[in-house]
Amino acid sequence: MPIPFFEFDMPDNDLPCLLYRVPPMDSSVPILRESAGLRPHVSVRLSVTDAASPVRHQLIASSLRQICALMLVGFSAGANSQLIAATDEFRFSYAPSAFHRSASADHVKYNNLFSVELLTERWRILGADRTTIGAAFFNNSFGQPCQYVFGGPEWDLMPLKSGWLFANVTAGALHGYSGEYQNKIPFNRYGTAPAAIPSIGWRYSQASIVMSLLGNSGLLISFSWSLGL
């Protein structure tokens, strides 16, 4: 089955666009094609012309959500003809607040991060035990709504106190820092910036507690619950 892919496009106005293309799917998976709402060669175009425009930011946020949904469908289709495999899990996480290295009067008290991840063993990189693909929605340190679409490997490190110590590294696109706070994250010229977050956690049965390193800004502690199929 053809694998969906991302590509960059440079239209006439010389502003970068992010395209997500889905090659034609064979007739053996009509349910996947219909349930995903995809037609052959579907494209999602993310183009930014005015990073300060609230309408532009809403369009970017909507595009990131679409890309996340397409990633979950597309990568599942590439790895297996099933949409979701019996060995896959969903992990739901919540973090109330970030712990900042340097306090500021501009910082809000609560960030209220919610995230959902697909955990799968159907493909792995760098010797990982599984791969995580997901999206997080939260208010940044300055109270602005943000989205983080990500993926990355996850490793089981060692047994610990009847559970498992694990680690992961995710990378993806971070959107939401705008206006006077746009330069609080690097490479944020067009309102969406690349991001990478390393984390370490402890899992007991379906519950987990995870500590994530937020660059040189601080730490985030989240609480998770995993659900199998």
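Here, each number is a calculation from the coordinates, and none is a lab measurement. It should be emphasised that the depicted structure is a prediction, and the values quoted were computed from it without experimental measurement. Glycine gets a Cβ as well: all are built from the backbone with ideal geometry, and neighbour counts include every protein chain shown.
Sorting 142-154, 121-133, 94-106 by average packing, meaning the other beta carbons within 10 Å per residue, from highest down gives 142-154, 121-133, 94-106. Treating each Cα of segment 114-162 as one equal point scatterer and applying the Debye formula with no solvent, the log10 of I(q)/I(0) at q = 0.18, 0.20 Å⁻¹ comes out as -0.68, -0.75.
For residue 156, put the label point 7 Å out on the Cα→Cβ axis and report which residues of segment 102-134 keep their amide N under 11 Å from it. Once the point is set 7 Å along Cα→Cβ of residue 156, 129-130 turn out to lie under 11 Å by backbone N, inside segment 102-134. Here the average projected area of the convex hull drawn through the C-alpha atoms of segment 119-229 stands at 7.8 nm².
For segment 182-190, putting each phi into the Karplus relation 6.51 cos²θ - 1.76 cosθ + 1.60 with θ = phi - 60° gives couplings of 4, 8, 6, 10, x, 6, 9, 4, 9 Hz, in residue order, rounded to whole numbers and with x for Gly and Pro.
With the largest listed first and rounded to whole Å, the semi-axes of the equivalent ellipsoid of segment 77-154 from the Cα gyration tensor are 32, 13, 10. Highest-first packing order for the peptide set 155-168, 191-204 is 191-204, 155-168, based on the mean count of other beta carbon atoms within 10 Å. The mean sequence distance of close C-alpha pairs (under 8 Å, at least 6 residues apart), as a share of the length of segment 86-229, puts its relative contact order at 24 percent.
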